[in-house]
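The values are calculated or read from the model by the stated rules, or taken from the named source; none is laboratory data. Remember, predicted model here, so these are calculated numbers, not experimental data. We place every Cβ from the backbone using ideal geometry, glycine too, and count neighbours over all the protein chains shown.
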Amino acid sequence: MIDWTVLKPIYSLGRIPFIVKSPDAAFERELARLLPRPRLVPDTIYELWTGNDVRGLISDILARHAGFLWIDAACVLSPQGHKVLIAGHSGAGKSTTALALALRYGWRVLAEDLTLIDPQTNNIVVLATPFSLKAGTRELLEETIAMVPEPVVFGEWVPMNNMHAKDECRSYFDLSLYFGKARHGEPINKSACSSAQYIRLLLSCSSLIHDENGPDRLAEYVGSGSCYQVMGGSLSERLDLILGLTENTNVHE
């Protein structure tokens, strides 16, 4: 029997170490530029089959984290140790904001678009999935922070490389934001909300309604810090808001 773990690179996303088998050899070679490697060789390694579909591969890995609380949210860690949750529906600007914070200000990314929390350990899982650059994102980053991500693989995907956090963190957030969709020319507006109000905002973009204890658990996590709903605003305004709020916030231990 062939030992594929010797012949193929081992990757790791979240709690899942894996190798990829694909009939497309060029696709496999490019994956080596895109996906993170585990620091230690794990005891159990999954074999994942795919054609040349990065998004499908990521979905497969996420599906293997059964029983975890998930939120449509980026989760980032400031150089001072602030844990910031940025929730919102698709198109709200979560990933772009996280990428800008990492590129320009040296923040670390725990998750770029989907935050996973292990309810057994109360830890945020490091989910170093690559960033997907939507149309116009590269230009927006160049205009806002004068930096662009490199390399771009398969014309769309940006590897985390050294932008992701190295270790899991406790899931008590210093700052929890809910982003409404940004609209061109609409001024930024933030409004403070209670943890209960914040949880209600997350019901349609999380697994909370499927977890009997999820709302109470998450209310404890976000109740350790401040919660805000953010509407409108440019990327620059949102970055300034986050930097200003964390500058005046104590780090939760």
**OP:** Report, by residue number, each residue of the stretch 80-132 that is in a loop (DSSP other than H, G, I, E, B), farther than 21 Å from residue 224 by Cβ and under 11 Å from the mean Cα position of the chain (by Cα).
**Re:** 112, 113, 114, 128, 129, 130
Original post:
What about residue 196, is it more than 16 Å from residue 86 (Cα to Cα), surrounded by fewer than 18 Cβ atoms within 10 Å (Cβ to Cβ) and of a type in the set (Gly, Ala, Ser)?
Top reply: yes
**OP:** Among residues belonging to the stretch 208-242 that are in contact (Cβ under 8 Å) with a residue 40 or more places away in the chain, over 18 Å from residue 171 (Cα atoms) and of a type outside the set (A, V, I, L, M, F, W, C), point out the one that is surrounded by the most Cβ atoms within 10 Å (Cβ to Cβ).
**Re:** 238
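So that you can scan it fast, the table gives a plain yes or no per residue for (1) of a type outside the set (Val, Ile, Thr); (2) assigned by TED's automatic domain parsing to the domain that holds residue 164; (3) surrounded by 14 or more Cβ atoms within 10 Å (Cβ to Cβ); (4) closer than 20 Å to residue 159 by Cβ:
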position	(1), (2), (3), (4)
17	yes, no, yes, yes
20	no, no, yes, yes
34	yes, no, yes, yes
37	yes, no, no, yes
44	no, no, no, no
48	yes, no, yes, yes
**OP:** Could you identify the single residue in 181, 166, 134 that is surrounded by 14 or more Cβ atoms within 10 Å (Cβ to Cβ) and of a type in the set (Lys, Arg)?
**Re:** 134
Original post:
Any residue at all in the stretch 141-159 that is surrounded by 21 or more Cβ atoms within 10 Å (Cβ to Cβ), in the same structural domain as residue 75 (by TED's automatic domain parsing), free of Cβ contacts under 8 Å to residues at least 40 places away in the same chain and of a type outside the set (D, E, K, R)?
Top reply: no
**OP:** Identify, from the list 203, 175, the residue that is in contact (Cβ under 8 Å) with a residue 24 or more places away in the chain, under 30 Å from residue 15 (Cα atoms) and not charged (D, E, K, R).
**Re:** 175
**OP:** Tell me the helices (runs of 4 or more DSSP H) entirely within the stretch 142-253 that contain at least 3 residues that are within 21 Å of the chain's Cα centre (by Cα) and closer than 16 Å to residue 95 by Cβ.
**Re:** 235-247
